[in-house]
Structure formats: C-alpha cells, structure tokens
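Student: Pasting in a structure now, in structure tokens, and then I'll have a few things to ask.
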Amino acid sequence: DQQVKQNSPSLSVQEGRISILNCDYTNSMFDYFLWYKKYPAEGPTFLISISSIKDKNEDGRFTVFLNKSAKHLSLHIVPSQPGDSAVYFCAASAVGTGNQFYFGTGTSLTVIP
Amino acid sequence: DTAVSQTPKYLVTQMGNDKSIKCEQNLGHDTMYWYKQDSKKFLKIMFSYNNKELIINETVPNRFSPKSPDKAHLNLHINSLELGDSAVYFCASSQGQTYNSPLHFGNGTRLTVT
C-alpha cells in the first residue's frame, strides 16, 4: 500500500528552465515532507523539507510547495542545471510514528544542456 | 571522510547462503536504519535502531537479523538467501527519533541472489 506516489517516472528539461517534480500522498496524518536527490550508485541525499504548517519552503534554486487540501507537494528547481540530473524521491512522515518515513518511487530528472 | 559507509557495495551469492552487510556512521547520530529498494525502486524501511535498541521492525522475514553493537554500527545478517532478496539495501542514520530528522544514507549494497 503505497502512501506516497510519484506518478512521473521521468522528466526532461532544458538547462536554464524550470523543473517541476510532483508528489501525491494519501495519508492525511503526514505532516513533514522531504525531497531527496539520488545519483547513480550513491545513496539518496537530503535536499529540502517542509512542515505541514507551511505551504512553501525555499532554499536557493529549490522550492517545495505543499497543498494539504490536495495532498500534493511539488519541487521546483529554477534554473535547472545539468548537475541536477538525478532521481528525486519525495518522502513523508507523521508525528507519533517516530522516524518512520514513507518514500515515493522517484522521478528521474534529465537536464539537457 | 564518508558519513555513512556500508560494505560491501556489491554482493553476489547463491540461494541458501548466509551473508552480512556492515554499516558504520561517523555523524554522531543515535538512530540507524536499514532500507530496502526493490526492483520497482520502492524504498521501504526494514529496521530502525536507537542507541542499540530496536525501534522499528517492519514485516520482514525473520531470516533478516539486524545487530547493533554500538550506536555507530548497524549490521544486517541474512540467512538462507532467496531470489526475492535481490535488491539494493541502504543503511541510514539520523539524530533522534523525531519525525522531522532527515535521514543520511549510505551508498547502498546491491545484493544479487542467483
């Protein structure tokens, strides 16, 4: 039973343009959301997070938006760079579940120079 | 200086064998995890330890046995390996058990059972 879903397995974007990666979740108890970036043969690395009390969090070129009513979050990368080419995972957790994180299946982003 | 390191990186073995994967973190974190990424790229938690104490034990066959000799190490031993155990296993760590402590992952161990 997958509680976090990334319905786009892949995305291609021109360098300099905006990349938008999407994530949907089903569990309304989730209140903390994270994005991880993963290069081949490496482990996922933490990128950015957002608490459910916010609807936006920004860190440099990366912005995460949260729409709780739609149970949807998105990661915007502006401007996209070739080094951003990686697999992006979204993850979610809930208060009271300790450190139980639920991951999506990832979106492979290719930034074309 | 790697933060979370796991060995080996690749492991190819035959059905029925017993194998171990080791993990060490030098971040000073007190919580460590094993995650499994299957062929569908689904990352799912298997175990979590806090200060050597088992905290999360998801529905995992009891052929999988984690061992945490200290809070910087979490090893995974697998008995009687089966074809379905083929996957990438990631070790991770975090500070504390709170729901908003990001995980720091190792580079994974690709296990292939033939």
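Computed from the coordinates by the stated procedures, all read-outs in this text should not be read as laboratory data. Because the structure is a prediction, the values reported are computed rather than measured. No Cβ is skipped: glycine too gets one built from the backbone with ideal geometry, and neighbour counts run over all protein chains shown.
Student: Taking only the alpha-carbon positions of chain B and ignoring solvent, what does the Debye formula give for the base-10 log of I(q)/I(0) at q = 0.11, 0.15, 0.19, 0.22 Å⁻¹?
Tutor: -0.31, -0.58, -0.94, -1.25
Student: A further question on this structure: Bin width 5 Å, alpha-carbon pairs only: give the P(r) of segment A:20-113 as whole percents, running from 0 to the bin holding the largest distance.
Tutor: 3, 14, 26, 25, 18, 9, 4, 1, 0
Student: Note down the relative contact order for chain A as a percent, whole number, built from C-alpha pairs under 8 angstrom at least six residues apart. Before the final figure, lay out each step's value.
Tutor: On the way: 275 pairs, mean separation 42.1, N = 113.
With pairs under 8 Å counted, the relative contact order is 37 percent.
Student: Place a +1 charge on the Cβ of each Lys and Arg in chain A and a -1 charge on the Cβ of each Asp and Glu, then give the dipole magnitude about the Cα centre in debye, rounded to the nearest 20. Please report the intermediate quantities before stating the final value.
Tutor: Working: 9 positive and 9 negative charges, 24 e Å.
With only Lys, Arg, Asp and Glu charged at Cβ, the dipole is about 120 debye.
Student: Which value, in debye to the nearest 20, describes the size of the charge dipole of segment A:52-94 about its Cα centre when Lys and Arg Cβ atoms bear +1, Asp and Glu Cβ atoms bear -1, and nothing else is charged?
Tutor: Details: 5 positive and 4 negative charges, 40 e Å.
The dipole of segment A:52-94 has a size of about 200 debye.
Student: Positive end of the dipole of the protein assembly as shown, charges at C-beta (+1 Lys, Arg; -1 Asp, Glu), about the Cα centre: which of B:Tyr89, A:Leu109, A:Cys90 has its Cα farthest in that direction?
Tutor: About the Cα centre, the residue reaching furthest to the positive side is A:Leu109.
Student: I would also like to ask the following. How would you rank B:Ile56, B:Ile78, A:Ile53, going from fewest to most other Cβ atoms within 10 Å of each one's own Cβ?
Tutor: Working: B:Ile56 18, B:Ile78 22, A:Ile53 9.
Ascending Cβ contact count within 10 Å gives the list A:Ile53, B:Ile56, B:Ile78.
Student: Based only on the alpha carbon positions, what is the Kirkwood hydrodynamic radius of the protein assembly as shown, in angstrom? Walk me through the numbers on the way to the answer.
Tutor: Values: mean 1/r = 0.0554 Å⁻¹.
Taking the inverse mean of 1/r over all distinct Cα pairs, the protein assembly as shown comes out at 18.0 Å.
Student: Among the lysines, which fall within straight-line cross-link reach of A:Lys54, defined as a Cα-Cα distance under 27 Å, with same-chain neighbours fewer than 8 residues apart omitted?
Tutor: List returned: A:Lys5, A:Lys37, A:Lys38, A:Lys68, A:Lys71, B:Lys44.
Student: Quick one, can you get me the convex hull of the C-alpha atoms of segment B:22-71 expressed as volume per residue in Å³? Kindly include the intermediate steps, with their values, before the conclusion.
Tutor: On the way: hull volume 4.8 nm³, N = 50.
In segment B:22-71, the Cα hull volume divided by residue count equals 95 Å³.
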